[in-house]
Amino acid sequence: MLVLGIETTCDETAVAVVESGKKILSNVVVTQTDLHAAYGGVFPELACRRHFDVLIPLTERALQEAGVTSSQIDLISVAKGPGLIGALFLGVETAKALALAWKKPFVGVSHIEAHLYAAMMGCDQPRFPALGVVISGGHTLLVKIQGMGEYESIGQTVDDAVGEAFDKVGVMLGLPYPAGPEVEKLAAQGDPRRYCFKPGVVKNNPWSFSFSGLKTNVLYTLKGQNSDKTAPVVLQEEEKPHIAAAFQETALQEIVRKALAAVDHFGCRMIFLGGGVTQNQRLRELFKTSPVPVYWPLPGLSLDNGAMIAGLGYQVFLKKSSQGDAFDLQPLPRIPLSK
Ligand code: KG4
Ligand code: ZN
């Protein structure tokens, strides 16, 4: 069964063709980082306009690279949320239009669930319950996976997502947006023990995360106590790698510590990780202490992509007894991951 997957939740336009949930025939992505760099974050209207410009040509390219025609596509899968509402509308309405024109069914899937599916694609025999860890620019959450499509939220961030914290700390350090990979590079030259930063504590929920205090720790260390974002950096340039290393170590240790505690507490038999921050090599090193097998997104599927949307769409379609969604499907800026 051939599925066309469409992803437009944020600042990547992506289309892929995937066979039977696993075999990736094409996976094309147009990233918008150049467009948003000047703003230090995603500018929603610009994101929509770029999706509008590239989505149809990208769909043609995905079909061409897969070596198939539209008549061979059996299902269209689209990310219906969470994400920027205008961007989501564009993706969902395009999926409906293609479904109508090609006379094929379509399904809307959760972007967060798709990030986890990007790791499940590499696992032939998933064992449940498993722990899902989604760490990206927009999300930081722990979920108990009871079975394919059955989730129970354990904890999430109460302020910044971890990728967002990497991006903002990167900007403070004078690194280009999106700064996650740049912070990692700088941290590799630093000593994480030179500065002592503390992760945030969330009252009444041991499984939740808070990264805004850690971000402020970095700000005050770089620019002086009680300074604001616009203040000049007072610390010497050669201290920056140590700050990056201490920030990275504190943020990542916090994720690994809570994830492994959750594995123990909830009796999880595997860990599936998804989202852009899974590209971080130090994180991968830290997870080597896991007592259960750890699955990472397949190569090329850490950041937002259409293959994870197509792959998950196949599973969702099978679960719905091969029924597509109705044409009144609405995109949702927030979707809870629940049973
Ligand atoms: O999954 P993704 O493409 O977008 C969302 O769904 O949010 O993740 C992008 C995020 C950005 O915040 C980026 O800075 C972060 O992933 N990221 C990293 C690394 N590579 C990407 N963070 C830390 N270390 C990295 N190597
Ligand atoms: Zn994402």
Given the criteria part of a helix (DSSP H, G or I), in contact (Cβ under 8 Å) with a residue 60 or more places away in the chain and crowded, with 19+ Cβ neighbours inside 10 Å, does residue 272 qualify? no
Could you list all residues from the stretch 117-136 that are in contact with a Pro (Cβ under 9 Å, 6 or more places away or on another chain) and in a loop (DSSP other than H, G, I, E, B)? 121, 122, 123, 127
Unmet requirement for residue 174, which otherwise passes all of (1) open to solvent by 40 Å² or more (accessible area, probe 1.4 Å); (2) closer than 24 Å to residue 133 by Cα; (3) of a type in the set (Gly, Ala, Ser): (2)
Taking the stretch 93-142 and keeping only residues that are within 16 Å of ligand 2 (Cβ to nearest atom), over 22 Å from residue 161 (Cα atoms) and buried (at least 24 other Cβ atoms within 10 Å of the Cβ), one is left with 108, 120
Any chance the stretch 1-8 includes a residue that's over 21 Å from residue 108 (Cβ atoms) and open to solvent by less than 60 Å² (accessible area, probe 1.4 Å)? no
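This table checks each residue for (1) in a loop (DSSP other than H, G, I, E, B); (2) under 21 Å from the mean Cα position of the chain (by Cα); (3) within 10 Å of ligand 1 (Cβ to nearest atom).
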residue: 151; (1), (2), (3): no, yes, no
residue: 170; (1), (2), (3): no, yes, yes
residue: 174; (1), (2), (3): yes, no, no
residue: 181; (1), (2), (3): no, yes, yes
residue: 184; (1), (2), (3): no, yes, yes
residue: 193; (1), (2), (3): yes, no, no
residue: 200; (1), (2), (3): yes, no, no
Of those in the stretch 287-333 that are farther than 23 Å from residue 58 by Cβ and of a type in the set (Ser, Thr, Tyr), the residue least open to solvent (accessible area, probe 1.4 Å) is 290
Filtering the stretch 38-81 for residues that are within 16 Å of ligand 2 (Cβ to nearest atom), more than 20 Å from residue 99 (Cβ to Cβ) and in contact with a Gly (Cβ under 7 Å, 6 or more places away or on another chain) leaves a count of 1
List the number of the failed condition for residue 201; all other conditions in (1) farther than 22 Å from residue 257 by Cα; (2) aliphatic (A, V, I, L, M); (3) open to solvent by 30 Å² or more (accessible area, probe 1.4 Å) hold. (1)
Just checking, does the stretch 235-250 include any residue being free of Cβ contacts under 8 Å to residues at least 24 places away in the same chain, open to solvent by 20 Å² or more (accessible area, probe 1.4 Å) and not in a helix (DSSP H, G or I)? yes
Within the set of pairs 6 or more residues apart or between chains, which connect a residue that is without any contact (Cβ under 8 Å) to a residue 12 or more places away in the chain inside the stretch 286-308 to a residue that is hydrophobic (A, V, I, L, M, F, W, C) with Cβ atoms less than 9 Å apart? 288/294
Somewhere in the stretch 261-269, is a residue in contact with a helix residue (DSSP H, G or I) (Cβ under 7 Å, 6 or more places away or on another chain), open to solvent by 20 Å² or more (accessible area, probe 1.4 Å) and of a type outside the set (Phe, Trp, Tyr)? no
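The values are calculated or read from the model by the stated rules, or taken from the named source; none is laboratory data. In this text the structure is predicted, and so the values were computed from the model without any measurement. Neighbour counts run over all protein chains shown; Cβ positions are idealised from the backbone, glycine included. Areas reflect the complete protein model, heavy atoms only, side chains present, ligands, DNA and RNA absent. Shrake-Rupley method; radii C 1.70, N 1.55, O 1.52, S 1.80 Å.
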